[in-house]
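Input: a single structure, listed below in structure tokens.
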Amino acid sequence: MSALLSLQNVWVEYGEKIVLERVNLDIAAGSFVSIIGPSGAGKSSLLRIVLGQEAPTRGAMLLDGEPLTPECGPDRGVVFQRYSVFPHLTALGNTLFGLECEQAPFSARLFGARRRAAVAEAREMLAAVGLGDSADLYPAQMSGGMQQRLAIAQALVKRPRILLLDEPFGALDPGIRQDMHTLITRLWNEYALTVIMVTHDIREAFSLGTRVLTLDKRRHDPHAPHRFGATVVYDLPLSKRASAASTGGITIDTVDNN
Amino acid sequence: MRWVNRRIRRRQGILLGAIPLLALALTYLVIAASRHAANPNDKIFPIPGAMAEAMARLLFEPDQLSGRLLFWADTFASLQRLGLGLGISTLSALLVGLVLGALPPVRATFGPLVTGIAVIPPIALLPILFIAFGLGETSKVALIVIGIAPFMIRDIAAHVSALPQEQIAKAQTLGASSWQLMLRVALPQAMPRLIQAVRLSLGPAWVFLISAEAIASDIGLGYRIFLVRRYLSMEIILPYVAWIALLAVAMDILLVRSSRRLFPWAHGAAH
């Protein structure tokens with residue numbers, strides 16, 4: 001398997017504080033990578049540097065062999081836990097946004113036949129995430145689960161090389177979360193996505209992922225805890241997932257205690 | 001039931017809100033009537049009849065000198081100055097605030113300048129404006145602009161720069177350039193805030209307008225009030241003040257209505 005995304009000896013430091021150290025990682029195309037780890041272990045920092053919101057202090061990041069610019073771009077889609085849809089646009093407007101930016105550099109709006117084509121594409125995407133009937137709702141009129149569906153549709157309409165999920169289901173009720181797991185698994189299969197998901201929920205990490213990474217500190221200095229950063233301490237490939245994933249949400253235990 | 005939990009229905013609300021206004025009017029009438037009974041020439045608390053008589057002259061009879069209906073000419077002149085001042089301020093707040101809020105290099109360069117201008121008491125600049133622009137309309141409009149624009153710019157810039165980082169990152173992953181981000185993400189979300197800023201600036205704008213008119217003018221609501229003060233003409237001053245209050249309330253209501261109509265997404269889920 002060729003590596004789609006490759007991190008080579010990546011460090012993230014904030015002044016004295018070392019957050020990530022010596023992260024070496026190859027992520028294959030089509031994999032679903034879950035990242036877990038204790039709070040403050042740099043899960044979100046790792047996601048932010050892959051996303052391009054921050055630049056690593058040291059090290060190289062390659063996407064398809066090309067160095068990644070430390071700036072967000074359309075090759076990487078993202079869904080955050082909150083605030084990743086635009087409150088002033090309807091569901092359809094939110095989904096259209098990516099298409100409009102690409103095709104109309106100056107006005108960022110489409111007209112006539114090009115708009116009709118874009119609207120058709122956006123509606124198809126909304127239908128794929130189960131928001132076919134909610135195209136004209138504003139995010140404030142939607143539930144948390146619907147907003148996350150919209151955020152996913154919004155990202156997928158751009159066909160990103162990598163989809164980054166930052167605790168995307170952390171704020172949802174257990175029942176809704178189960179639906180979202182089914183949805184993301186289906187989309188991952190249908191659109192042949194490469195997904196990196198940060199989560200707090202270990203069960204979610206194992207039930208969705210084809211590979212689970214655990215970030216933690218290898219060394220600990222009790223007098224200067226900030227001088228050692230976290231790195232990948234466990235890297236578990238889950239080969240069984242490829243076939244099982246298509247059946248949808250796998251229930252390991254029925255008690256939903258997250 | 002605890003007072004914090006009391007819900008006031010719409011009709012009840014109107015009734016309750018009217019009570020203090022009516023009480024105030026009644027108190028005034030009682031005082032005016034008693035003073036009028038003691039001294040029919042009392043000028044401090046004119047009775048409504050005297051007010052109506054004095055206002056009728058300003059409303060319907062052309063001025064002997066200029067041939068204008070003074071009340072309407074005053075209103076028109078003041079509203080024109082206010083409108084120009086508010087318009088220029090609003091437009092510059094939107095443009096400058098947006099650029100300042102969205103682009104960190106611009107904010108770093110011009111932020112301190114805007115803050116510096118904003119902390120100067122505008123009335124202290126009035127002499128400079130009179131010297132620079134003369135005593136005409138320009139200096140009055142300029143006073144309003146200098147008085148409220150920096151506040152509005154800072155408000156819009158702060159609002160735009162406080163947009164969630166997640167949204168900015170998301171827009172960029174959807175392919176937005178700086179320009180597209182400002183046009184499609186920052187600008188629409190700044191608009192309801194801009195209307196809010198205009199509402200908050202209305203009070204100061206009126207203060208600067210009346211001050212400028214009081215100091216150097218030959219027409220305008222503020223000019224008239226300060227002119228007739230020399231003759232203790234409370235029967236003109238009081239209706240003028242009430243008229244100014246009415247205009248201000250009407251503008252405020254208009255702004256709230258237009259914000260609700262134009263930007264329903266900014267006013268909760270119930271739209």
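In table form, for the structure just shown:
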{"item": "Selection status of A:Pro74, within 13 Å of chain B (Cβ to nearest Cβ), touching a Lys or Arg at 6+ places or on another chain (Cβ under 6 Å) and either assigned to a loop (DSSP other than H, G, I, E, B) or of a type in the set (Asp, Glu) (or both)", "result": "yes"}
{"item": "Unique residue being more than 13 Å from chain B (Cβ to nearest Cβ) and at positive phi when the list is A:Gly132, A:Gly59, A:Gly145", "result": "A:Gly59"}
{"item": "Positions within region A:131-143 being crowded, with 16+ Cβ neighbours inside 10 Å and either charged (D, E, K, R) or over 18 Å from B:Phe263 (Cβ atoms) (or both), in sequence order", "result": "A:Leu131, A:Ser134, A:Ala135"}
{"item": "Hey, B:Ile146 closer than 22 Å to B:Leu200 by Cβ, at pLDDT below 90, open to solvent by 40 Å² or more (accessible area, probe 1.4 Å) and part of a helix (DSSP H, G or I) or not", "result": "no"}
{"item": "Any chance B:Gly203 is of a type outside the set (Ser, Thr, Tyr), surrounded by fewer than 16 Cβ atoms within 10 Å (Cβ to Cβ) and facing another protein chain (nearest Cβ under 9 Å)", "result": "no"}
{"item": "Members of region B:65-75 found to be in a helix (DSSP H, G or I) and over 16 Å from B:Ala242 (Cα atoms), listed by number", "result": "B:Leu70, B:Ala73"}
{"item": "A:Ile35 vs. criteria open to solvent by less than 10 Å² (accessible area, probe 1.4 Å) and in contact with a helix residue (DSSP H, G or I) (Cβ under 8 Å, 6 or more places away or on another chain)", "result": "yes"}
{"item": "Residue identified as in the same structural domain as A:Ile176 (by TED's automatic domain parsing), open to solvent by 10 Å² or more (accessible area, probe 1.4 Å), out of contact with any Leu (no Cβ under 9 Å at 6 or more places or on another chain) and not charged (D, E, K, R) among A:Pro87, A:Pro70", "result": "A:Pro70"}
{"item": "Members of region A:100-114 found to be more than 9 Å from every other protein chain (Cβ to nearest Cβ) and either among the hydroxyl-bearing types (Ser, Thr, Tyr) or open to solvent by less than 10 Å² (accessible area, probe 1.4 Å) (or both), listed by number", "result": "A:Leu110"}
{"item": "Subset of region A:90-99 (residues that are surrounded by fewer than 23 Cβ atoms within 10 Å (Cβ to Cβ) and assigned to a helix (DSSP H, G or I))", "result": "A:Leu92, A:Gly93, A:Leu99"}
{"item": "Inter-residue pairs, beta-carbon under 9 Å, first at the interface with chain A (Cβ under 7 Å from one of its Cβ atoms) and in region B:159-172, second of a type in the set (Lys, Arg) and open to solvent by 30 Å² or more (accessible area, probe 1.4 Å), 6+ apart", "result": "B:Pro164/A:Arg82; B:Glu166/A:Arg82; B:Ala169/A:Arg48"}
{"item": "Region B:175-194, subset in contact with a Phe, Trp or Tyr (Cβ under 8 Å, 6 or more places away or on another chain) and aliphatic (A, V, I, L, M), residue nearest to B:Ser78 (Cα to Cα)", "result": "B:Met191"}
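The values are calculated or read from the model by the stated rules, or taken from the named source; none is laboratory data. All figures in this text were calculated on a predicted structure; none of them were measured in a lab. Cβ: placed from backbone, ideal geometry, glycine included. Neighbour counts: every protein chain shown. For accessibility, only protein heavy atoms count, side chains too; no ligands or nucleic acids. Shrake-Rupley method; radii C 1.70, N 1.55, O 1.52, S 1.80 Å.
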